[in-house]
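The structure appears right after this line, and notes come after that.
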Amino acid sequence: MMSTRKKDTVEVHEVEMEGAKRSLILGAQATLQAVYECPDCPEPVRQALSGWVSWQERVEITVERAIRSPKQAPQWVAALLALGAKVTFLEDEIDESGLVDYLARVNSKRGKLGGVRLPLEVSERVWGEAHVGRTPADEPIVAAIAVVDLDSNVVRRARLGLTGVWREAARLAEAAQMLVGGPLTEERIQPVITALDGEVDPKGDFLGSDTYRRAMAGVVARRALEDCMKGVSER
Amino acid sequence: MSKDSVTITLTINGEEQQLIVLRNHSLLDVLRDKGYASVKRGCNVGDCGICTVLFDGHPLRSCLMRAVNAEGHAIVTLEGLGDGYRLHPIQQAFAETGGFQCGFCTPGMILTAKALLDRSPDPSEDEIREALGGVICRCTGYVRVVDAVQRAAAMLRGESLKSPIVMEQTLPEDIEKLELPEGFYRRDGSRAPLPPLVLTPVDMEKTQIVGKPEVKVDAVKLVRGRPVYTDDVRLDGMLYGELLASPHAHARIVSIDASQARKLTGVHAVLTHEDIPRVKYASGGQSYPQPPPFDQVCLDNKVRHEGDRVAVVAAETRELARKALRMIQVEYEMLPAVVDPEEAMQDGAPVIHDEPDTEGIYDTEHNIVHRIETEVGDVEAVFATAEYIFEGEYRTSKQQHAHLEPHACITYWDEDDRLVIRTSTQVPFHVRRMVAPLIGLPVKQIRVIKPRIGGGFGNKQEMILEDLCAHLTLATGRPVRMEYTRKQEFTSSRSRHPQIIRYKIAVNDGKIEAADLYLIGDTGAYGTHGLTVQMVGGFKGLTLYNPPNARFVCDVVYTNTPPSGAFRGYGSMQCQYGIEVLVDEIAEHLGLDVVKFKRNNWIKVGEPMHLAKQLGEGREGYDQAMETSGLVQCVAAGLKATDYYAKRQANQQQGDGPLRRGIGMSVMMHGSGIAGLDMAAATLKMNDDGSFNLLVGATDLGTGSDTILAQIAAEELSIPIEDLIVYSSDTDFTPFDKGAYASSTTYISGGAVRKAALKIKDQIRKHAATMLEIDEPESLVLQDRKVVARDGRSLTLAEVALSSLHQQNQHQIMTTASHLSYVSPPPVASQFTEVVVDVETGQITVERLLMAVDCGRVINPITAAGQVEGGLAQALGFAHCEEMVFDGEGHLTNPRLGPYRIYMANEMPAIDVIFVQTDEPTGPFGAKSVAEICMDGVAPALVSAVHDATGVWIRELPLTPERVWRALQEADLKYSC
């Protein structure tokens, strides 16, 4: 849903009603700490800001900086992607676009960021996260966050954000679309993982070779989706 | 005001200030320039968090914020806490609990804790750890830091503190009857800080001051953030020195043109190899004569590793000095680099030291700087008839010390035209002796002052900056300050020797009867410590099980990587990792209980250490035997605390899911100083009020050595430690001490202090006897700041002092004593490690580290526990995640603290410490050492735990996820989810 209201504020956060649905607006100049402390902050976002993002970093990094430079907090960006975040702008000519599109643009064409909009109330939503790192609080070598929206146990929308397996710090996997239209089951997850292997294009470094990152993409993606499955069964 | 400057208004510690700041200066730069010395520079890129200040009440890294952006905001630094007299409760708690060691991260820790407690007066332990997760501490393992914050929170809530700082218990004669305090069983799986547990034999002599958790003598100044470190002072006319470091791993300098740099206004000196006499030296701070080879010069015409010295500049500002560096034109002839020691030894490998003036290299063409060969017994004869022969190869990586205070040095001429070197060093006396020939001054014209040190771990047992800084002062006549950047710490200082460790062991009837160790030690581009680290490795690695037939062969090899040097653990931890894993593998192969197999074989009390004479440190050693050992008790305590056998059994039936639990154990030994070589002296001087100056050349680098030395003196003199004013160290005023290394301070320097205390005690008794007209001074007893006669008469120490100085037989009661030992009694310990291994990813989560250690008598259980806890954290990094990774051309790929990875507070496992006290007859009050043994056992225990979890032996460190994953893939470990 497109908002027509121009945003020029830099408030920490604002919960905005859009018809019957609520959205959380994260002001561009809000700090990640403000996001972290926001009582309406979706859990995947909050979790992505704990552990490997320190308090100091959350205080210093604004939403805009983290979006413009996703390497600062890649898991957080992955979480936003998986939650279907949209970005709002301060210019009149562009109101809003998907975060995916925004990240795909080169810097000069991105526009002046107003904030990030996160839908808050999505019925039948489940999510899951998995990662691998050298130590528990080290920035993950590879991480996955999955958010699946269902309609009577049929996957209506599936987003799988991954870090550490593309040149980009964080990106959505196309393969997750294969889940749409059916139930969330192990049998339907496996083809996603197989397809993901052909989709990722990791670059090895001292943390993990490209071979390892590719293998881990499958492991953490499967685990994140299995987490979602557990969420379905626990609902 | 220049166009680059701007005036800002901000509040600092409650006081509004207007400051003129440069637009590109960080808040950290400005605060330090304005005298807020508590704000520390650790990395300048936001990795370490020690520069944290409170910014409108939030913790913020001041190195990353431009000062101009602080306009209108409120800043609090550590100077703003407490008042002029009283400590803030958080500072008080850090002081009382040992929540700091070197103190360099302490301002960041305390301010972060304050921000937390201001928001959350009763935080959970996890909340505390999470809050502190942005500040690195390299010394403590965070155990006492978390404890300090918990105690501070309780104090601020007005609650009384019930939990003890130390737990003490009698050690039962039958160790099987040992019952530990409930917390040590960790049945709830928590990682909450536990006080250290001290187990004392029933017949051990009682002490008054020794053995007590005295607050460190430097506590107040460190928790207040006072300007006590090298770089915390500013001298009039001081210039900034900067080093041009080589971008190449191996190259010849064809030409170097500094003319443009020299023309810059404000640049006072640019020095290259063309400007400095070529004097050969070795940078390792060791006793005279230093082990060869002398393969370095201050500035050379060839670079042998990335980060090697090329030129130095002194200028009015740091920025100008760096600008000058950029203007130095260097033409390099690129040479092939070799980073693998085995490749470096091959025919045709690039020759790293092809200069004609280095003597003492064993095989220049093959880059072998030393070859060590020694043997006792007849190894081959035993192998020829052995029931079993086992072989294993183990590899360790290059670890960086990552002390948070970088190398820093200030040099200046004093009013008597003597050169003063104020430097962050572990070896002030060695530095004075070593630097003299390099700068062409006699020793008597040099004074070395060691202020407080912000951590060293061996890296400051080197002469890293002192010679260059001194050359700049000689060239300019001005005070010069130099400090390494964090990148330079990685590439231009020292690091741990990577080793390839090949053991061959013969076992007959369950006994290890022969051992052969072939070691390749990668010394990097220079040979400093190359010989001695490997000798210690060979000695400890072959003495833990002490077979009568043992052979050690070692090649110390040059590579085009930053030089390896002294690092806590010093070869011993690498070789004990190898032997411990192989012994574990042998026990598995033979179907033996590994604990019993080890117990059956480890060195026992009364046994001679067979290689002690052959493998001294850089020279022949002395015959030694094991005099005391609490290893049986240490192992028993660990087995009990961890419920080891029950867990091992349970781990065999844990199913085949991806998460597998494992527990491992290891045993270890270390040394206490270098036998027959390490010498220390101490001076005690009595003052009018009965207090004493204790002057020591020993260097407290955060270990608490100043405190325990004071405790040793206080115990002998029967005074509280606040009656001792400890000063260390200054080559003009304190007596010689070899410095802080080789686990020697408690044992060697402590021995000197005790001797001095005994001597001055005699002087006091003698003078008191005169005052009391008693013929037998030896009949007098020192007690509670008094000298007491048998007849009940007494004199206060102040009365004795006043009399001796002003009234009767006037003289200064004062003495100096020296100490050297021809034995180096080994502390021993057991290490237990519990892990969860994710067999799909290779990720290891370490849940608990427990060490039970016999370090003789514990002089101060808090500082000793701090040594163990911090050492375990460093050892965990060595075993699990820390690794300097080089590309094929010798470039370091991760020269930052973030990518390098040091464990943080929010991910640290539970760390528990149990002391099993013994009474070492040669140690002060029975003490041995504790500083390094904690490094030796984590790696093998971790490997053992991973094997327990997965059935796979991994023989290369660190156990990074990919390395574990690949090992599991090769083993084709099956699992299902």
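What to note about this one:
- Boolean, B:VAL279 is touching a residue at least 60 places away in the same chain (Cβ under 8 Å), in a strand (DSSP E or B) and in contact with a helix residue (DSSP H, G or I) (Cβ under 9 Å, 6 or more places away or on another chain): no
- In region B:127-144, the residue that is surrounded by the most Cβ atoms within 10 Å (Cβ to Cβ) out of those that are within 23 Å of B:MET851 (Cα to Cα) and within 13 Å of chain A (Cβ to nearest Cβ) is B:TYR142.
- Filtered residues of region B:939-958 (kept if within 14 Å of chain A (Cβ to nearest Cβ) and surrounded by 24 or more Cβ atoms within 10 Å (Cβ to Cβ)): B:LEU942, B:LEU957
- Test: residue in region A:64-76 that is out of contact with any Cys (no Cβ under 6 Å at 6 or more places or on another chain), in a helix (DSSP H, G or I), away from chain B (no Cβ under 12 Å) and among the polar types (S, T, N, Q): yes
- Any hit, region B:843-857, residues being in a strand (DSSP E or B), away from chain A (no Cβ under 14 Å) and among the polar types (S, T, N, Q): no
- Unmet requirement for B:LEU897, which otherwise passes all of (1) open to solvent by less than 10 Å² (accessible area, probe 1.4 Å); (2) within 19 Å of B:GLU834 (Cα to Cα); (3) within 13 Å of chain A (Cβ to nearest Cβ); (4) of a type in the set (A, V, I, L, M): (2)
- Restricting region B:738-783 to residues that are buried (at least 23 other Cβ atoms within 10 Å of the Cβ) and outside any helix (DSSP H, G or I), the residue that is farthest from the chain's Cα centre (by Cα): B:LEU780
- Once region A:204-217 is narrowed to residues that are open to solvent by less than 10 Å² (accessible area, probe 1.4 Å) and in a helix (DSSP H, G or I), the residue that is farthest from the other protein chains (Cβ to nearest Cβ) is A:ALA217.
- Filtered by the rule that a residue be touching a residue at least 24 places away in the same chain (Cβ under 8 Å) and under 22 Å from A:LYS86 (Cα atoms), region A:42-61 gives A:PRO42, A:GLU43, A:PRO44, A:VAL45, A:GLN47, A:ALA48, A:LEU49, A:ARG58, A:ILE61.
- Qualifying positions in region B:318-354 - touching a residue at least 60 places away in the same chain (Cβ under 8 Å) and assigned to a loop (DSSP other than H, G, I, E, B): B:MET327, B:ILE328, B:LEU335, B:PRO336, B:ALA337, B:VAL338, B:VAL339, B:ASP340, B:MET345, B:PRO350, B:ILE352, B:HIS353
- Comparison of B:LYS114, B:LYS40, B:LYS3 shows that the only residue that is in a loop (DSSP other than H, G, I, E, B) and crowded, with 20+ Cβ neighbours inside 10 Å is B:LYS40.
- None of B:VAL930, B:VAL913 is closer than 15 Å to B:ARG568 by Cα and away from every other protein chain (no Cβ under 14 Å) except B:VAL930.
- Test: residue in region B:150-169 that is open to solvent by less than 10 Å² (accessible area, probe 1.4 Å), of a type in the set (A, V, I, L, M, F, W, C) and within 14 Å of chain A (Cβ to nearest Cβ): no
- Complete set of residues in region B:363-378 that are touching a Lys or Arg at 6+ places or on another chain (Cβ under 9 Å), within 24 Å of B:PRO341 (Cβ to Cβ) and either touching a residue at least 40 places away in the same chain (Cβ under 8 Å) or surrounded by 20 or more Cβ atoms within 10 Å (Cβ to Cβ) (or both): B:GLU373, B:THR374, B:GLU375
- Of all the listed residues (B:CYS51, B:CYS63), the sole one being within 10 Å of chain A (Cβ to nearest Cβ), touching a strand residue (DSSP E or B) at 6+ places or on another chain (Cβ under 7 Å), under 21 Å from B:GLN488 (Cα atoms) and of a type outside the set (Gly, Ala, Ser) is B:CYS51.
- Hits in region B:714-736 - residues which are within 24 Å of the chain's Cα centre (by Cα), under 23 Å from B:LYS212 (Cβ atoms) and open to solvent by less than 30 Å² (accessible area, probe 1.4 Å): B:SER728
- Among residues of region A:130-174 being assigned to a strand (DSSP E or B), away from every other protein chain (no Cβ under 14 Å) and open to solvent by 20 Å² or more (accessible area, probe 1.4 Å), the one that is nearest to B:TYR903 (Cα to Cα) is A:ARG171.
- Residue selected from region B:69-85 under the condition of a type outside the set (Gly, Ala, Ser) and open to solvent by 40 Å² or more (accessible area, probe 1.4 Å), by the criterion farthest from the other protein chains (Cβ to nearest Cβ): B:TYR85
- Residue pairs meeting the criteria (Cβ under 7 Å; at least 6 apart or on separate chains; first within 12 Å of chain B (Cβ to nearest Cβ), in region A:218-231; second acidic (Asp, Glu) and crowded, with 20+ Cβ neighbours inside 10 Å): A:VAL219/B:GLU840
- Considering (1) surrounded by 22 or more Cβ atoms within 10 Å (Cβ to Cβ); (2) in a loop (DSSP other than H, G, I, E, B), the lone condition that A:PRO183 does not fulfil carries the number (1).
- Taken over region A:188-203, the criterion of being over 13 Å from A:VAL148 (Cβ atoms), within 14 Å of chain B (Cβ to nearest Cβ) and in a helix (DSSP H, G or I) is satisfied by A:GLN190, A:ILE193.
- Selection status of B:GLN917, within 18 Å of B:MET851 (Cα to Cα), over 22 Å from the mean Cα position of the chain (by Cα) and open to solvent by 10 Å² or more (accessible area, probe 1.4 Å): yes
- Flag if B:HIS58 is open to solvent by 10 Å² or more (accessible area, probe 1.4 Å) and within 14 Å of another protein chain (Cβ to nearest Cβ): yes
- With respect to (1) within 11 Å of chain A (Cβ to nearest Cβ); (2) of a type outside the set (A, V, I, L, M); (3) buried (at least 22 other Cβ atoms within 10 Å of the Cβ), the lone exception for B:GLY99 is condition (1).
- Filter result for A:ALA34 (at pLDDT 90 or above and in contact with a helix residue (DSSP H, G or I) (Cβ under 6 Å, 6 or more places away or on another chain)): no
- Some residue of region B:300-311 being open to solvent by less than 40 Å² (accessible area, probe 1.4 Å), modelled with pLDDT under 95 and out of contact with any strand residue (DSSP E or B) (no Cβ under 7 Å at 6 or more places or on another chain): no
- Search result, residues across region A:34-57 that are in a helix (DSSP H, G or I), open to solvent by 10 Å² or more (accessible area, probe 1.4 Å) and within 11 Å of chain B (Cβ to nearest Cβ): A:ALA34, A:TYR36, A:GLU37, A:TRP55, A:GLU57
The values are calculated or read from the model by the stated rules, or taken from the named source; none is laboratory data. Fair warning: this is a prediction, and the values are worked out from it, not measured in the lab. Positions of Cβ are generated from backbone atoms using ideal geometry, with glycine treated the same way; all protein chains shown enter the neighbour counts. With ligands, DNA and RNA removed, areas are computed over all heavy atoms of the protein, side chains included. Shrake-Rupley method; radii C 1.70, N 1.55, O 1.52, S 1.80 Å.
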